[in-house]
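Only the coordinates and a few stated rules stand behind these numbers; no lab work does. Remember, it's a predicted structure, so these values are computed and weren't measured experimentally. Cβ placement follows ideal geometry from the backbone for every residue including glycine, while neighbour counts extend to all protein chains displayed.
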Amino acid sequence: DGALSQRVKRLIALAAGLQAGCTRCIQGQTKDALTAGATKEEILETMAVAVVMGGTAVSAETWRVVKVLEELGHRVG
């Protein structure tokens with residue numbers, strides 16, 4: 001793993017995917033973060049940090065994370 005766990009790496013990658021507006025990245029990294037042990041709350045907080053850093057452009061992509069979480073049985077909202 002190195003200095004960062006796979007869970008942390010997937011959360012960072014999710015934030016990067018949101019910044020890039022990459023649909024497949026967002027979907028894949030959300031799933032990978034869950035597989036690596038991230039909680040729904042950690043994923044949503046990662047999403048919130050990405051929005052703070054990226055503003056409206058990132059905010060427009062957040063529904064993709066919510067959709068994946070809900071498809072996998074994690075209620076959001």
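In table form, for the structure just shown:
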{"quantity": "Fewest-first sequence of THR35, THR46, THR30, THR56 by Cβ atoms within 10 Å of each Cβ", "calculated": "THR56, THR35, THR46, THR30"}
{"quantity": "Inter-probe distance in nm under a simple model that places probes 7 Å from Cα toward Cβ, at ALA36 and VAL66", "calculated": "2.4"}
{"quantity": "Convex hull volume per residue for the chain, taking Cα atoms only, in Å³", "calculated": "81"}
{"quantity": "Gain in span if fully extended, ARG24 to GLU45, counting 0.36 nm per residue against the direct Cα distance", "calculated": "5.6 nm"}
